[in-house]
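Participant: Sending over a structure as structure tokens; questions will come in a sec.
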Amino acid sequence: MNNGFHIRPAQEAKQDSTFILQAHDSAVRYLTDTVGSNQWGNQPFSTRERAVTLIKQLVIKSEEELQGDQYIRTVIAEKLSQDGRQTIKCGAATVDAVFPTYVTNVEELRAHIRSTIESKDFLYLDRLISDRNTPDNLSKGVGKALLDYCKSLTRKEGKRFLFSDCFAGPPFGLREYYQSQGFRIIGPFGVPNKHVDGTDWPGVLLCCDLMKE
């Protein structure tokens, strides 16, 4: 158990890709209606054909338990309902063994990660999402639980570093959250926002050195 959460491998037979899409939908509603952020646009992920295909593949590939450069693991965090009668899905995460091209294409960042890429001494947290529609706010704390689990996966694979990235635009706060969880900022990057035409998506590359944890 991680902070009261049970974390297990994602399975397509348990409709986990559908849950992950629904969790993203809940985040889109929160970001647009409550925060006023264009981080992910305002279109539900469950209606985006590309997102549906991608997330389904993240689950299917994870079930294959591939190793090396093809390593990918998608996990689901669950918690018992307050009455103890149901298991509620609360969040999900995906880690893999490659840096995304939007990071490696940034010359300033390549200088920092070149030796790590060559040594393959890392995993990359590609996706971290919580469901904001859980009853009784059950998903509170699921981000930390999933981060801790992903760190344990990294150690299990004999890797030293867990990298990730996050949105650096308003409402801000994400960078500080990751820093509170042991990550340090490597540097900024910017890419066109694929969710909102004509806008930029500012981000930062993050790294957690597990030797210092």
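Readers should treat all values here as calculations from the given coordinates under stated rules, not as data from a laboratory. Every value quoted in this text rests on a predicted model; they were computed, and no experiment measured them. As a convention, Cβ positions derive from the backbone with ideal geometry for all residues, glycine included, and neighbour counts pool all protein chains shown.
Participant: Using the Karplus curve 6.51 cos²θ - 1.76 cosθ + 1.60 with θ = phi - 60°, what ³J(HN,Hα) values do you get for each residue of the range 82-88, in whole Hz, with x for Gly and Pro?
Facilitator: 4, 8, x, 9, 10, 9, 9
Participant: Shifting gears a bit: If I model a spin label as a point 7 Å beyond the Cα along the Cα-Cβ vector, how far apart are those points for Gln70 and Glu49 in nm?
Facilitator: The modelled label-to-label distance comes out at 2.7 nm.
Participant: Something else about it: Under 5 Å between amide hydrogens, which residues at least 5 positions from Leu205 or on another chain qualify, with H placed 1.01 Å from N in the peptide plane?
Facilitator: Here Ile186, Gly187, Phe189 satisfy the definition.
Participant: For Thr199 and Phe172, FRET efficiency with R0 = 22 Å and r from the beta-carbon atoms, rounded to 0.05?
Facilitator: So, using R0 = 22 Å, E works out to roughly 0.85.
Participant: Let me ask you something else. Can you run phi through the Karplus equation (6.51, -1.76, 1.60; θ = phi - 60°) for the range 3-11 and list ³J(HN,Hα) in whole Hz, with x for Gly and Pro?
Facilitator: For the range 3-11, the Karplus curve yields 6, x, 9, 9, 10, 9, x, 5, 9 Hz.
Participant: Could you point to the residue in Pro188, Trp201, His6 farthest towards the positive end of the chain's charge dipole, with +1 and -1 charges on the Cβ of Lys/Arg and Asp/Glu respectively?
Facilitator: Most positive-ward Cα: His6.
Participant: Taking the Cα centroid of the range 97-141 and of the range 164-213, what is the distance between the two, rounded to the nearest whole Å?
Facilitator: 9
Participant: Kindly state, to the nearest 0.05, the FRET efficiency for Arg184 paired with Arg155, given R0 = 22 Å and r defined as their beta-carbon distance.
Facilitator: It comes to 0.75.
Participant: Continuing with the same structure: What is the sum of charges around Leu58, taking Lys and Arg as +1, Asp and Glu as -1, for the other residues whose C-beta is under 12 Å from the C-beta of Leu58?
Facilitator: -2
Participant: Additional query: What percent do you get for the relative contact order of the range 19-176 when only Cα pairs under 8 Å and 6+ apart count?
Facilitator: 22
Participant: While we're on this one: Putting +1 on Lys and Arg Cβ atoms and -1 on Asp and Glu Cβ atoms, find which of Tyr30, Ser46, Ser81 reaches farthest to the positive end of the dipole of the chain.
Facilitator: Ser81
Participant: Now for a separate question. For the range 56-75 and the range 1-48, what is the separation of their C-alpha centers, rounded to whole Å?
Facilitator: Rounded to whole Å, the Cα centres lie 19 Å apart.
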